[in-house]
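Here is the structure we will look at.
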Amino acid sequence: VARLTGSPSINCVLYGREAECALIDSLIDKAAEARSGVLVLGGEPGIGKSALLDYAADNRASCHLLRGEGVESEVHLPYAALHQLLYPALGRVDALPALQSVALRSAFGLRRRRCRTASLLLWPP
Ligand SMILES: Nc1ncnc2c1ncn2[C@@H]1O[C@H](COP(=O)(O)OP(=O)(O)OP(=O)(O)O)[C@@H](O)[C@H]1O
Ligand SMILES: [Mg+2]
C-alpha cells in the first residue's frame with residue numbers, strides 16, 4: 001500500500017501499486033541527481049493513472065514539478081501540451097544549451113525566423 005499524504009483531497013492509500021510507486025520513487029531519486037527518465041502511464045479510465053501522478057507529485061522531495069493535462073479542444077493546436085507544461089519554466093530558457101533553447105523558442109513563437117512566405121491579417125476598424 002502506498003500512502004498519498006500531500007493535499008487533503010488525496011490523503012488516501014493506493015492498493016496494489018507498490019511496483020509502480022517504486023518505479024516512480026526511483027525516477028524521482030534519479031531526477032534529484034539530474035538524471036533523466038521517462039515513465040508512460042497508460043490504462044483504462046479510472047484505473048489509477050492520475051492517482052499515480054498525484055503520488056509522484058506528493059513524493060517529489062525537493063524536485064521542481066511541472067504538470068499539465070490534455071485538453072481535447074486543443075488537440076489541433078501545435079505544441080499546446082508543451083506550452084502548458086513548460087510555460088511556467090520559460091524564464092529559465094536561457095539556461096538551456098543553445099540548440100534546445102532555439103528549438104523551444106521556435107516552438108513557442110518567441111523567435112524571429114526567416115520565412116519564405118509571410119501572412120498578413122487585416123480586419124475593418
Ligand atoms: N490503486 C488504487 N488504490 C486506491 N484507490 C485507487 C487506486 N487506483 C485508483 N484509485 C482511485 O480510483 C479513482 C479513479 O482513479 P484515477 O482518477 O487516478 O483514474 P485515471 O486512470 O486517471 O482515470 P481517467 O482515465 O478517467 O483519467 C480515484 O478516486 C483514485 O483515487
Ligand atoms: Mg486521470
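Could you say whether any residue in the range 49-60 is within 16 Å of ligand 2 (Cβ to nearest atom), surrounded by 10 or more Cβ atoms within 10 Å (Cβ to Cβ), among the basic types (Lys, Arg) and over 13 Å from the mean Cα position of the chain (by Cα)?
Within the range 49-60 (the criterion being within 16 Å of ligand 2 (Cβ to nearest atom), surrounded by 10 or more Cβ atoms within 10 Å (Cβ to Cβ), among the basic types (Lys, Arg) and over 13 Å from the mean Cα position of the chain (by Cα)), the answer is yes, since at least one residue qualifies.
Output the number of residues of the range 70-103 satisfying the condition of being closer than 26 Å to GLU33 by Cα and more than 15 Å from the chain's Cα centre (by Cα).
Of the residues in the range 70-103, 13 are closer than 26 Å to GLU33 by Cα and more than 15 Å from the chain's Cα centre (by Cα).
So ARG67 ticks every box in (1) under 13 Å from the mean Cα position of the chain (by Cα); (2) surrounded by 10 or more Cβ atoms within 10 Å (Cβ to Cβ); (3) more than 16 Å from ligand 2 (Cβ to nearest atom) but one. Which box is left unticked?
(3)
Need the failing condition index for LEU104 against (1) at pLDDT 90 or above; (2) away from ligand 2 (no atom under 16 Å from the Cβ); (3) loosely packed, with under 11 Cβ neighbours inside 10 Å, just the number.
Every listed condition holds for LEU104 apart from (3).
Determine the pairs where a residue that is in contact (Cβ under 8 Å) with a residue 12 or more places away in the chain, located within the range 14-37, has a partner that is within 16 Å of ligand 1 (Cβ to nearest atom) and hydroxyl-bearing (Ser, Thr, Tyr) with Cβ atoms under 7 Å apart, the partner being 6 or more residues away or on another chain.
Listed by first residue and then by second, the contacts come to LEU14/TYR55; CYS21/TYR55; ILE24/TYR55.
Kindly indicate whether any position in the range 8-27 is modelled with pLDDT of 90 or more and in contact with a Cys (Cβ under 9 Å, 6 or more places away or on another chain).
Initially, the range 8-27 is screened for residues modelled with pLDDT of 90 or more, giving 14-27.
When the remaining residues are screened for being in contact with a Cys (Cβ under 9 Å, 6 or more places away or on another chain), the result is 14.
Taking every residue of the range 8-27 in turn, at least one turns out to be modelled with pLDDT of 90 or more and in contact with a Cys (Cβ under 9 Å, 6 or more places away or on another chain).
From the list VAL93, VAL40, which residue is of a type in the set (A, V, I, L, M, F, W, C) and within 16 Å of ligand 1 (Cβ to nearest atom)? Explain how you work it out, then say what you get.
Working: VAL93 fails: within 16 Å of ligand 1 (Cβ to nearest atom).
Testing whether each residue is of a type in the set (A, V, I, L, M, F, W, C) and within 16 Å of ligand 1 (Cβ to nearest atom) leaves just VAL40.
The values are calculated or read from the model by the stated rules, or taken from the named source; none is laboratory data. Not measured: the values here are computed from a predicted model. Note: ideal-geometry Cβ built from the backbone for every residue, glycine included; neighbour counts use all protein chains shown.
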